[in-house]
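Q: Pasting in a structure now, in C-alpha cells, and then I'll have a few things to ask.
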Amino acid sequence: MDDWRYSDERMLLRAEVFRSLQHHLKDHTRAVYEFCTQWVDLGNPSNKGIEESFQDYLRTIAENSYAKTN
C-alpha cells in the first residue's frame, strides 16, 4: 500500500492517540474514532496536545450540530 497514512509509523501513532483518548469512549465513542483518524490524516507527528485538540473537536461538533437545528 502506498498511502502514507497507513504506514506502520502512522498506525502506531493512531493507536497511541486512541489510547490517549480512551477515557472519552463512554460518552464520545464516535468522536474518538473520527478524531483519531483525522489527527493522523492531518500529519500530526505525535499525540502532544491531543486532549486540548480533542476538546476543540468536540466543541466544533456541538456548534455545527446546534447551527443545523436553527
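The values are calculated or read from the model by the stated rules, or taken from the named source; none is laboratory data. Quick caveat: nothing in here was measured; it's all calculated off a predicted structure. Neighbour counts are summed over all protein chains in view; Cβ atoms, including those assigned to glycine, are modelled from backbone coordinates with ideal geometry.
Q: Scan region 21-40 residue by residue and report those that are surrounded by fewer than 17 Cβ atoms within 10 Å (Cβ to Cβ) and more than 14 Å from Leu58 (Cβ to Cβ).
A: Within region 21-40, Gln22, Thr37 meet the criteria.
Each row is one residue, and each column tells you yes or no for (1) touching a helix residue (DSSP H, G or I) at 6+ places or on another chain (Cβ under 6 Å); (2) of a type in the set (Val, Ile, Thr).
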site	(1), (2)
Ser7	no, no
Leu25	yes, no
Thr37	no, yes
Asn47	yes, no
Asp56	no, no
Arg59	no, no
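Q: Still on this structure, please answer the following. Could you figure out which of (1) modelled with pLDDT under 95; (2) surrounded by 10 or more Cβ atoms within 10 Å (Cβ to Cβ) isn't true of Met1?
A: Single failed check for Met1: (2).
Q: Sort out which residues of region 16-45 are charged (D, E, K, R) and over 28 Å from Asp3 (Cα atoms), and write them in order of number.
A: Residues satisfying the conditions are Lys26, Asp27.
Q: Among residues belonging to region 46-70 that are of a type in the set (A, V, I, L, M, F, W, C) and closer than 24 Å to Trp4 by Cβ, point out the one that is surrounded by the fewest Cβ atoms within 10 Å (Cβ to Cβ).
A: Going through the qualifying residues, I end up with Ile50.
Q: So, one more: What do you reckon, is Lys48 outside any helix (DSSP H, G or I), among the basic types (Lys, Arg) and either within 21 Å of Ser65 (Cβ to Cβ) or modelled with pLDDT of 95 or more (or both)?
A: For Lys48, the condition - outside any helix (DSSP H, G or I), among the basic types (Lys, Arg) and either within 21 Å of Ser65 (Cβ to Cβ) or modelled with pLDDT of 95 or more (or both) - is met.
Q: Could you check, for region 27-45, whether at least one of its residues is touching a residue at least 12 places away in the same chain (Cβ under 8 Å), small (Gly, Ala, Ser) and in a loop (DSSP other than H, G, I, E, B)?
A: no
Q: Given (1) at pLDDT below 95; (2) surrounded by 11 or more Cβ atoms within 10 Å (Cβ to Cβ), identify the lone condition not met by Gly43.
A: Answer for Gly43: the failing condition is (2).
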